[in-house]
Amino acid sequence: MSILRVHLQPGLVLCSVGNAVLLAFQVDFDGKPDSLFFSDGQRRIDFVLVYEDESKKITHKRSDRKKQKRKRQVYESNLINNGLQLEATRSVLDEKLIFVKVHAPWEVLCTYAEVLHIKLPLQPNDLKTRDSAFNWFSRLFRVDENIIKPEQEFFTAPFQKELLSNFYVQDKDTFFNPATRSRIVHFILSRVEYATKNNVKKFGINKLLDTGIYKAAFPLHDSSFRHLSTDPSCPSERYLLYREWAHPKNLFKLQPLDFIRKYYGEKIGIYFAWLGFYTNMLIMAAIVGVGCFLYGCLTKDNCTWSQEVCDPNIGGKIIMCPQCDKVCTYWNLTITCESSKKLCIFDSFGTLVFAVFMGIWVTLFLEFWKRRQAELEYEWDTVEYLEQEEQVRPEYEARCTHVVMNEITQQEEHVPYTACGKCMRMTFCASAVFFWILLIIASVIGIIVYRLSVFLAFSATLSQHISGTDAIRKYLTPQTATSVTASLISFVVIMVLNIIYEKVAILITDFELPRTQTDYENSLTTKMFLFQFVNYYSSCFYIAFFKGKFVGHPGNPVYWLGKYRNEECDPGGCLLELTTQLAIIVGGKAIWNNIQEVLLPWVKNLIGRYCAAARSEKVIPRWEHDYHLQPIGKLGLFYEYLEMVIQFGFVTLFVASFPLAPLLALINNMLEIRLDAWKLTTQFRRMVPQKAQDIGAWQPIMQGIAILAVVTNAMIIAFTSDMIPRLVYYWSFSVPPYGSHSSHTMKGYINSTLSVFNISDFKNASKPFSPWFVNQTCRYRDLRYPPGHQHQYEHNIYYWHVIAAKLAFIIVMEHVIYFVKFIISYLIPDVSQKTKSQVKREKYLTQKLLHENDLKIVKKTMGKIANKIIQGVDSTFRPKAE
């Protein structure tokens, strides 16, 4: 075997063993901590690979170390064969670590820019832009343009190497920005082979990271976030992002979206653009929600039915039937006085107005976001991204062993599975998702059984006496204790199931083997949201639409599983309990997510910096600083999207029970933007820049939530709150022929909604132990005929009037809001006229500069050939001179 040594530069030696080129030597760190270049100071570092020197490993067998070293050497040699340039440097702090710096030369960048159809500048944008009428106002909240200068706008086109002269190339070093360079290098890293086993090629940096051959792979941050770079040629964009975006002082400033996109790529940029837009739209919803809340606070003292509950002469004389079998005792209606006052705040006319408003607001949000998204698609050159640029996932390519005929091209192509195999995979994945959803429903049923069984314990422990006036009994009722503890347990179960299902969903999606990264993320998004939807919202749906609805009456109660007596609502309904459930889940979720997303990475980095400082006070290069930051994870911002969309569901689906939800969401999102920004700029390695045309599957998910929200809010007002029964009583049953009052009034409402029960009609299984010594009757929450009536304990006419009114209300409210939503969707175009003009102008320029120039050259060439042919013909047929 011949070994050839080629010295490319001082300190860097490449060995050729047969046809393989191996990196054989490293260069020393030059002592420049902020340098972003190779040791020659010319070639920019586009990516960094980190591995542990196999000769210094002590945890693996020698044979395993040799295999790992061989795979790494083959991989690096293939990188060089693909045109990349490598330079290795040993760690300053840990001599076992070696950092391989990767540089892509100009020729490689041009070649792969054409392969990836990357859009690059043709000429500066010459369309005049008209300032908005609110431009002067928004300028107050913008980032100072002297610090972060606005990006120059260009008309762009997919890059073509042979048409390089038509592109706007002023400097080859800056024509491809660092984000684009890193993206191209990562594309190569993901597709270079490192081994072949059983005629199956193994390739890609992700597999090498998973097997531990490399410990990390990442693009570099351009500077420290604490101070400007000491290198005068470095723009210190990370420092500027931290100072003008991530710092808490910028809480009320607009985000520098173009600058974020330039540094992190379109995928990060579109997330923060969407989150900022959603937060801005929440301002109006929060204002209206606070107004409705204040309206409830101001009118609660005029709440007649609450006054009757608290009145000793009315509520104090109403004795309620036990709410469970045997151990529960009779209780006084005035015990619910405080909860009825709170309920008046949320169960008011303002809630109805707010529910209708939110149904319209969510449509405005989605329609205006489509317009904003279309603008960003054009400005960030992602209009035709999915059709042109997106490449097949390496994991998909590696499994392509079956040959099929493409129906369009009529050519053979390789796929990872047959039609039957794909059907089996989809069936298995759907079954697995369905199984886990059933598991969540089972956990929800478990929580319901807990509520039913523990209510008995609380009823026995928190013994209630009709004459009791203790302060603690005033607030800590068995219903309250059961509701709060069940909500806390439900929250814990939700979080535990989240952790388990997250791993299961990834395994299922990996097995499904989607073709592109967008397909992969959309598939995972759908699975995760289906799970999260059931996990987070099921308990709320139970309280809103099932609790207290099917309880029977004291003489014939309804039982769960034949054993547990169904729960009843308070005399004021279950609306307050639904509000409590929402507050605990939303608040607990926000705290938990912030701990998980911010506190844990900060603690890990703090420990890492402390250990590094304890080992050495040496000057550390930029790549080693970045290595000790936390990796962002394979799914990137998936969990941030999931968190916000779940919050969007809480804000819209159950807003009729909690008008302050938009305000809490607004406050949370203002902090979330800065926390996410702080996390990205200070705690995590720089993400590989990725393209994204839109927010993906989250858009149709939000549209589905918006449609469902109209139904849920209408049903909450109709069936969970007491608004419809009160209106029916006020307009029909407070006056003759059903009522005794001379004019419409709410007086007597409580008495009319509590039915009478004769205690002698108790069954032995449910008869209370406590003796009764005053009357022979008690009251319960329902609309039924009293004992002694020919239809005793059957639903009365008031009940059927209420049911008819509830159904009519749902139908009217749904149709009105859906009609308004349709009108709004029709009136607001998805793409603004300004964006349409810019797209047409860009297509015109592309055709003119790239295609018409070629045609001119062809015509010019063909014209010369035609002239020569004509001249030849003329000379042939021209008469000879005599």
Checklist entry - Taking the highest mean first, how do the peptides 500-506, 374-380 order by number of other beta carbon atoms within 10 angstrom per residue? => result 374-380, 500-506
Checklist entry - Quick one: what do you get for the stretch 177-217 if you divide its Cα Rg by 2.2 N^0.38 Å? => result 1.32
Next on the checklist: For Trp731, what accessible surface area do you get with a 1.4 Å probe? Give it in Å², rounded to 10.
Outcome noted: 150
Checklist entry - Between Asn177 and His247, what is the FRET efficiency for a Förster distance of 22 Å, r being their Cβ-Cβ separation, to the nearest 0.05? => result 0.35
Next on the checklist: Run the numbers for Glu95 and Arg70: contour at 0.36 nm per residue of separation, minus the present Cα-Cα distance, in nm.
Outcome noted: 7.0 nm
Checklist outcome for this item: Accessible-area order for Arg62, Arg726, largest to smallest, probe 1.4 angstrom, reads Arg62, Arg726
Item to check | Euclidean distance between Cα centres, the stretch 144-173 to the stretch 724-747, Å | outcome: 73
Checklist outcome for this item: PRE zone check, label point 7 Å out along Cα-to-Cβ of Ile500, amide N under 19 Å, scope the stretch 523-552, hits 527-539
Checklist entry - Taking R0 as 56 Å, what's the FRET efficiency between Ala804 and Arg841 from their Cβ-Cβ distance, rounded to 0.05? => result 0.40
Checklist outcome for this item: A student applying the Cα gyration tensor rule (rounded when a/c is under 1.5; otherwise prolate if a/b is larger than b/c, oblate if not) would label the stretch 474-566 prolate
Next on the checklist: Can you list residues from other chains, or at least 5 along the same chain, whose modelled amide H is less than 5 Å from the amide H of Asp46?
Outcome noted: Val102, His103, Ala104
Next on the checklist: Taking 0.36 nm per residue of sequence separation and subtracting the Cα-Cα distance, how much length would be gained by fully extending the chain between Tyr730 and Thr777, in nm to one decimal?
Outcome noted: 14.2 nm
Next on the checklist: Can you classify the stretch 625-710 as rounded, prolate or oblate using the Cα gyration tensor, where a ≥ b ≥ c are the square roots of its eigenvalues, rounded means a/c under 1.5, and otherwise it's prolate if a/b beats b/c and oblate if not?
Outcome noted: oblate
Checklist outcome for this item: Residue by residue through the stretch 788-802, the couplings from Karplus 6.51 cos²θ - 1.76 cosθ + 1.60 with θ = phi - 60°, in Hz, x for Gly and Pro, are x, 6, 5, 10, 4, 6, 9, 4, 8, 5, 4, 4, 6, 4, 5
Item to check | Zone of Gln123's modelled label, taken as backbone nitrogen in the stretch 167-205 under 19 Å from a point 7 Å along Cα→Cβ | outcome: 167-171
Next on the checklist: Leaving ligands and nucleic acids out of the surface, order Thr777, Thr525, Thr230 by accessible area at 1.4 Å, largest first.
Outcome noted: Thr230, Thr777, Thr525
Checklist entry - Given 0.36 nm per residue, what is the gain on full extension from Arg372 to Val619 after removing their alpha carbon distance, in nm? => result 84.4 nm
Checklist outcome for this item: Output ordering of 331-342, 290-301 (per-residue mean of other Cβ within 10 Å, highest first) is 331-342, 290-301
Next on the checklist: Under the rule of at least 5 residues apart or a separate chain, name every residue whose amide H is placed under 5 Å from the amide H of Trp560.
Outcome noted: Arg565, Asn566
Checklist outcome for this item: Expected field for Val812, accessible surface area in Å² at 1.4 Å probe radius, rounded to 10, holds 90
Checklist entry - Does anything in the stretch 339-380 have its amide N under 20 Å from the 7 Å Cα→Cβ label point of Thr304, and if so which residues? => result 340-352
Checklist outcome for this item: Given 734-747, 65-78, the highest-first ranking by average Cβ count within 10 Å works out to 65-78, 734-747
Checklist outcome for this item: At R0 = 60 Å the Cβ-Cβ FRET efficiency linking Ile667 and Trp106, nearest 0.05, sits at 0.75
Checklist entry - What are the ³J(HN,Hα) values, in whole Hz, obtained from phi via the Karplus relation 6.51 cos²θ - 1.76 cosθ + 1.60 with θ = phi - 60°, for each residue of the stretch 701-707 in sequence order, with x given for Gly and Pro? => result 5, 5, 5, x, 4, 4, 5
Checklist entry - Quick one: which of Lys119/Lys215; Lys341/Lys747; Lys161/Lys691; Lys161/Lys201 span more than 24 angstrom between C-alpha atoms? => result Lys119/Lys215; Lys161/Lys201
Checklist entry - According to a simple spin-label model (label point 7 Å from Cα along Cα-to-Cβ), what is the distance in nm between Lys61 and Lys202? => result 1.5
Item to check | Shape of the stretch 723-806, Cα gyration tensor, a/c cut at 1.5 | outcome: prolate
Checklist entry - For the pair Asn764 and Met426, how long in nm is the line joining their label points, each one 7 Å along Cα→Cβ? => result 6.0
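The values are calculated or read from the model by the stated rules, or taken from the named source; none is laboratory data. Not measured: the values here are computed from a predicted model. Glycine also receives a Cβ, built like all others from the backbone with ideal geometry; neighbour counts cover every protein chain displayed. What goes into the accessible areas is simple: the full protein's heavy atoms, side chains included, and nothing from ligands, DNA or RNA. Shrake-Rupley method; radii C 1.70, N 1.55, O 1.52, S 1.80 Å.
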